[in-house]
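A.B. asks: Would you mind keeping the following structure in view while I ask a few things?
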Amino acid sequence: MGFAPVEIGSRFASELGVEWEETVCLLCGCARWTHVVEAPDRAEGGSGLWFAVVRCVDCGLCFTNPRPSRQTISRFYPSHYQPHRLKSKRGGVRLGSSRSPRKWLKWHGQGRLLDFGCGGGSFVERMARQGWQVTGIDMSENAVRRVRDELGLPALVGTLPHPELSPESFDVVTMWQSLEHVHDPLGVLRQARRLLVPGGKLIVAVPNILSLPFRWFGPAWYGLDLPRHLTHFDPQTLSGMLQRAEFDIQSIKMIRHSGWLRSSARLAAASRQGPRWRWWLRNKPFSRLASWYSYLCQMGDCILAEAVK
């Protein structure tokens, strides 16, 4: 405790107009934690400030602490932030099976879907083509504008709760790499449950801080993305948060991200961090083998949870 980002690069923090806050554990409320890792803001054109990730001594949840406040976190999202742009159709996650739920979802109820953290809208566009009644929501006004103007799909600016969303109005809520970005993930999950019909489904994908890639790369791990990632889940803490939000968990799976491994390896090589063998993972054949190994060990880069109301 006591690490302060403003102590490193205070001039940049002042120019950004950032307000810092310390937080208790976002899962159990404990005010005691241990240090996990420190890493800089590596976004293109980012601040370069360093941030700390800590682990709650009671429940094990990892979170960024201290962190930018709700009012000033937007300073760390550059206008060209990649998830807010429309992605290539070749992108997406990879599971151990050939059919990723991000590309295909089993029809549920009336087919009303809310994508929380819709970004550039590639997922809602794909689901709309499959016949789903889609709505996107994102904190980025630019991203929402692209979804509305370029894709012609309904999207809202903001987070949950949202005044334009009514209880029990969706059959499915998806959160693809978005829950880790919010200041109150438990509150967001509870609001998502409120929006689902009885028996409605929640799908959440988040980075896994207990992954082998994190062990290999540490502060150079692509899944950290500090300070934009505020909560750093593992299978146990994600399950615990879903249960506290009163969801019934159907499954917890690993997701493979060989592209994340290559990005991590490039960051490690550029900063000369870690043994040289890790730099070899910049190559596709090595990164694919390593991602399969992580997946088979149940320590992949990313966790996919499916739960029902």
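The values are calculated or read from the model by the stated rules, or taken from the named source; none is laboratory data. Given the structure is predicted, the values throughout are model-derived calculations rather than measurements. Glycine gets a Cβ as well: all are built from the backbone with ideal geometry, and neighbour counts include every protein chain shown.
A.B. asks: Here is a check on your reading of the model: is residue 29 assigned by TED's automatic domain parsing to the domain that holds residue 168 and either modelled with pLDDT of 85 or more or in contact with a Pro (Cβ under 7 Å, 6 or more places away or on another chain) (or both)?
C.D. replies: Criteria not met by residue 29.
A.B. asks: Look at the stretch 279-309 and say how many of its residues are surrounded by fewer than 17 Cβ atoms within 10 Å (Cβ to Cβ) and polar (S, T, N, Q).
C.D. replies: Qualifying residue count for the region: 2.
A.B. asks: I've got another one for you. In this structure, is residue 142 of a type in the set (S, T, N, Q) and at pLDDT below 95? Steps first, answer last, please.
C.D. replies: Numbers: of a type in the set (S, T, N, Q): yes; at pLDDT below 95: yes.
When the stated conditions are applied, residue 142 passes them.
A.B. asks: Tell me whether the stretch 264-278 contains one or more residues that are aromatic (Phe, Trp, Tyr) and surrounded by 18 or more Cβ atoms within 10 Å (Cβ to Cβ).
C.D. replies: The answer is no; no qualifying residue exists.
A.B. asks: I need the full set of residues from the stretch 40-71 which are aliphatic (A, V, I, L, M), touching a strand residue (DSSP E or B) at 6+ places or on another chain (Cβ under 7 Å) and more than 25 Å from residue 186 (Cα to Cα), in order please.
C.D. replies: 49
A.B. asks: Here's something else I'd like to know. Find the helices (runs of 4 or more DSSP H) located wholly in the stretch 113-214 whose residues include 1 or more that are closer than 30 Å to residue 265 by Cα, in contact (Cβ under 8 Å) with a residue 12 or more places away in the chain and of a type in the set (A, V, I, L, M), and list them.
C.D. replies: So the answer is 141-151.
A.B. asks: Okay, moving on. Kindly indicate the residue of the stretch 22-38 that is crowded, with 21+ Cβ neighbours inside 10 Å and among the aliphatic types (A, V, I, L, M) and also nearest to residue 270 (Cα to Cα) among those meeting that condition.
C.D. replies: It comes out as 26.
A.B. asks: Related question: Name the pairs whose Cβ atoms lie under 6 Å apart, with the first residue in the stretch 51-67 and surrounded by fewer than 21 Cβ atoms within 10 Å (Cβ to Cβ), the second in a loop (DSSP other than H, G, I, E, B), and 6 or more positions between them or separate chains?
C.D. replies: 57/32; 58/28; 58/30; 59/27; 59/28; 66/22
A.B. asks: Considering every residue within the stretch 36-43, establish whether at least one is part of a helix (DSSP H, G or I) and under 21 Å from residue 139 (Cα atoms). So that I can check it myself, show each step before the final result.
C.D. replies: Applying the first criterion (part of a helix (DSSP H, G or I)) to the stretch 36-43 yields none.
Scanning the stretch 36-43, I find no residue that is part of a helix (DSSP H, G or I) and under 21 Å from residue 139 (Cα atoms), so the answer is no.
So that you can scan it fast, the table gives a plain yes or no per residue for (1) of a type in the set (S, T, N, Q); (2) over 30 Å from residue 279 (Cβ atoms); (3) crowded, with 18+ Cβ neighbours inside 10 Å; (4) modelled with pLDDT of 95 or more:
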position	(1), (2), (3), (4)
193	no, yes, yes, yes
200	no, yes, yes, yes
205	no, no, yes, yes
211	yes, no, yes, yes
227	no, no, yes, yes
234	no, no, yes, yes
237	yes, yes, yes, yes
245	no, yes, yes, yes
257	no, no, yes, no
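A.B. asks: So, one more: Could you go through the stretch 292-300 and let me know if any residue there is within 20 Å of residue 185 (Cβ to Cβ) and in a loop (DSSP other than H, G, I, E, B).
C.D. replies: Taking the stretch 292-300 first, the residues within 20 Å of residue 185 (Cβ to Cβ) are none.
Looking through the stretch 292-300, none of the residues is within 20 Å of residue 185 (Cβ to Cβ) and in a loop (DSSP other than H, G, I, E, B).
A.B. asks: Further, regarding this structure: Evaluate the following for residue 287: is it assigned to a helix (DSSP H, G or I), in contact with a strand residue (DSSP E or B) (Cβ under 8 Å, 6 or more places away or on another chain) and at pLDDT below 95?
C.D. replies: Answer is no for this residue.
A.B. asks: If I filter the stretch 53-94 down to residues being touching a helix residue (DSSP H, G or I) at 6+ places or on another chain (Cβ under 8 Å) and aliphatic (A, V, I, L, M), which single residue comes out as modelled with the highest pLDDT?
C.D. replies: If we take residues in the stretch 53-94 being touching a helix residue (DSSP H, G or I) at 6+ places or on another chain (Cβ under 8 Å) and aliphatic (A, V, I, L, M), then 61 is modelled with the highest pLDDT.
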